[in-house]
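As C-alpha cells, the structure follows; a few thoughts come after it.
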Amino acid sequence: MKKMRAGIIGIGFIGQAHIEALRRLGNVEVVALADQDGAKEKAERLFIPKGYEDYKEMLDKENLDAVHICTPNFLHFEMAKEAMERGIHVVLEKPFTVSLEEARALAKMAKDKNLVTCVNHTLRMFPQVKEMKALVEKGEVGDIFAVHGCYLQDWLFYDTDWSWRLEPSVSGKTRAFSDIGSHWIDMVENIIGQRAVELIAEFDIVHKTRKKPLKEVETFSGVSLKPEDYEEKKIETEDWCSILFRFEKGAIGSVNVSQVTAGRKNQQIIEISGSKCSLKWDSEDSNELFIGRRDAFNQKVTKEPSLVEKEAKEVIGYPGGHVEGFPDTFKMQFKKFYKQIEEGIPKGGDFATFADGEREMYLNDKVFESAQKRAWVKL
Ligand SMILES: NC(=O)c1ccc[n+]([C@@H]2O[C@H](COP(=O)([O-])OP(=O)(O)OC[C@H]3O[C@@H](n4cnc5c(N)ncnc54)[C@H](O)[C@@H]3O)[C@@H](O)[C@H]2O)c1
C-alpha cells in the first residue's frame, strides 16, 4: 500500500483539525503546508517538513496526491482550480465557493478530470447520522412526512464578536446559512434521499452594526480587545435564518440557523417524522439516536458497533461506551476519500463531492433569493 502525500492550505482553526485527522489515518503523510501568514513557523511547530507562503509553489513542488483547502471562502475557487489543473485530488472546506458560477465550474472540472473530490460536510460521518440514513433506506421509518431541526451557535452573540465571516467580499452573500445551515441541509437531503423542491427563507440581522477590531483576530480565538481597538461596521449578512422546505416526495421541512444563541456552541438537531416511527439526533448527545414509537416503548440507540447498521459501523473507530465526536468525523471522511484515490474510482455518494458542492451553492442562491423577495421559490 502506497503512503499518500497530502498538502494543507490554510492553517487556522480547521486546517489544524485536518492535519490531526490525517495523522490518525496512518496511510497519509502531511508533507507540506501553505499559509500566507507564518508558514515556516507553522510548519516547524506542527512538525511538517515544508512550509510555503505561496500555495502554488507547494502544488508545483510537492508531488501531492491530495490537497486540503482550509482558507477563507473567497479563496476556495481559485485554489481548487489550480490544484485540479495539476491533477491533484481535492478536499475543500465549506461553503464550497462564494457563487454558483464558481461552483458549477469546479464541479464540471472535477468531472472532466475524473478527480476524487470532497466538500467537508462531516455531519454525514457521525455514526448515528449514518444509522438514521440506513434506517430510512431500509424502510424502517416508513413514509417521511416531516423533517425539522436547527443549527445553533453563539460565537457572534456580542456586537464585539468579529471574524472575516462577517465580510461578504470574503465570506459570500449569505452567512449563517452558508457557514452552518449548509451542513444541515446537506445532511438532511443525504439522510432522507430526497431533495428540497421549494423553500421560503427569512433572515434577521440581530446586530445591524458590529465593532471590527483594527488588528487581525483568528476565528474562535476568544481574544477580547479594548474599545479604542474597534471601528463600527454595518453588517449585511444574516445572524439568523429560518427556512421552510417542501421535499420532492411531499414532506415538509423546517430549520432555524443561528450564530447568536447564547450557550449553544455548536448544536445540530434533526428530527424526522415518519409513518412507522420518528428519529431524533442531537449533536450535543451525538453518540445516541432517539427512536420514537406510538404503540411501543421509545428507544435510545447507542453507538454500539455490534448492534448498529453496517453503514454506521463503518464510521465507528472505538468500541461501544467510548465516546466519539467531531474530530472522528474528519478521520472517517478522509479515510473514505483516500480509499477512493487508492482505488482510482471517484464515485462519491458517501461523502459530499464537488457535485454536492454545486447543489449547496444552488440552495444558497435560492435561500438568498427567497429571503430578498420574502416569498416561496421553486428549486
Ligand atoms: N467543516 C467544518 O466543520 C468547518 C469548521 C470551521 C471552518 N470551516 C471552513 O474552513 C475554512 C477556514 O475556516 P477557519 O475557521 O479555519 O478560518 P481561520 O481564519 O481560522 O484560518 C484561515 C487560515 O487561512 C490562511 N490564509 C488566508 N489567506 C490565505 C492565502 N491566500 N494563502 C494561504 N493561506 C491563507 C490564514 O492565514 C489562516 O491561517 C472556511 O471556509 C470555513 O467555512 C469548516
Does ALA32 meet the test of being in contact with an Asp or Glu (Cβ under 9 Å, 6 or more places away or on another chain) and either of a type outside the set (Lys, Arg) or more than 23 Å from ILE341 (Cα to Cα) (or both)?
yes
In the range 319-347, the residues that are without any contact (Cβ under 8 Å) to a residue 12 or more places away in the chain and within 25 Å of VAL136 (Cβ to Cβ)
LYS339, LYS347
Please state which of the following conditions ASN266 fails to meet, knowing it meets all the rest: (1) among the polar types (S, T, N, Q); (2) touching a helix residue (DSSP H, G or I) at 6+ places or on another chain (Cβ under 8 Å); (3) surrounded by 18 or more Cβ atoms within 10 Å (Cβ to Cβ).
(3)
Quick one: which of VAL308, VAL323, VAL301 is farther than 17 Å from MET187 by Cα, touching a Leu at 6+ places or on another chain (Cβ under 6 Å), aliphatic (A, V, I, L, M) and more than 16 Å from the ligand (Cβ to nearest atom)?
VAL301
Given the criteria in contact with a strand residue (DSSP E or B) (Cβ under 6 Å, 6 or more places away or on another chain) and within 11 Å of the ligand (Cβ to nearest atom), does ILE180 qualify?
yes
Close pairs (7 angstrom Cβ cut-off, 6 or more residues apart or separate chains): over 20 Å from ALA83 (Cα atoms) in the range 22-42, within 13 Å of the ligand (Cβ to nearest atom) and part of a loop (DSSP other than H, G, I, E, B) anywhere:
LYS42/ILE11; LYS42/ASP35
What pairs come out if I take residues in the range 112-130 that are more than 16 Å from the ligand (Cβ to nearest atom) and pair them with residues that are among the basic types (Lys, Arg) whose C-beta lies under 9 Å away, six or more apart or interchain?
VAL116/LYS347; PRO127/LYS303; PRO127/LYS313; GLN128/LYS303; LYS130/ARG124; LYS130/LYS313
Identify all residues within the range 286-305 that are surrounded by 15 or more Cβ atoms within 10 Å (Cβ to Cβ) and not in a strand (DSSP E or B); write none if there are none.
SER286, ASN287, LYS303, GLU304, PRO305
Can you tell me which residues in the range 127-142 are assigned to a helix (DSSP H, G or I) and β-branched (Val, Ile, Thr)?
VAL129, VAL136
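Per-residue answers, yes or no, for (1) buried (at least 24 other Cβ atoms within 10 Å of the Cβ); (2) of a type in the set (A, V, I, L, M, F, W, C):
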{"site": "ALA103", "(1), (2)": "yes, yes"}
{"site": "ALA107", "(1), (2)": "no, yes"}
{"site": "LYS111", "(1), (2)": "no, no"}
{"site": "VAL116", "(1), (2)": "yes, yes"}
{"site": "VAL119", "(1), (2)": "yes, yes"}
{"site": "THR122", "(1), (2)": "yes, no"}
{"site": "PRO127", "(1), (2)": "yes, no"}
{"site": "GLU137", "(1), (2)": "no, no"}
{"site": "VAL141", "(1), (2)": "no, yes"}
Have a look at ALA110, ALA103 and point out the one that is touching an Asp or Glu at 6+ places or on another chain (Cβ under 8 Å), farther than 30 Å from SER275 by Cα and among the small types (Gly, Ala, Ser).
ALA103
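What residue, of PHE290, PHE330, is in contact with a strand residue (DSSP E or B) (Cβ under 8 Å, 6 or more places away or on another chain) and under 28 Å from CYS241 (Cα atoms)?
It is PHE290.
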Scan LEU199, LEU156 and give me the residue that is crowded, with 20+ Cβ neighbours inside 10 Å and either modelled with pLDDT under 95 or more than 14 Å from the ligand (Cβ to nearest atom) (or both).
LEU199
Reported set for the range 1-16 where residues are out of contact with any Asp or Glu (no Cβ under 8 Å at 6 or more places or on another chain) and either basic (Lys, Arg) or surrounded by fewer than 18 Cβ atoms within 10 Å (Cβ to Cβ) (or both) is GLN16
Scanning the range 80-92 for residues that are surrounded by fewer than 23 Cβ atoms within 10 Å (Cβ to Cβ) and not basic (Lys, Arg), which turns out nearest to the ligand (Cβ to nearest atom)?
GLU82
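The values are calculated or read from the model by the stated rules, or taken from the named source; none is laboratory data. The shown structure was predicted, so the numbers you read here are calculated from the model rather than taken from an experiment. Here Cβ is always computed from backbone atoms with ideal geometry, including for glycine, and neighbour counts include all displayed protein chains.
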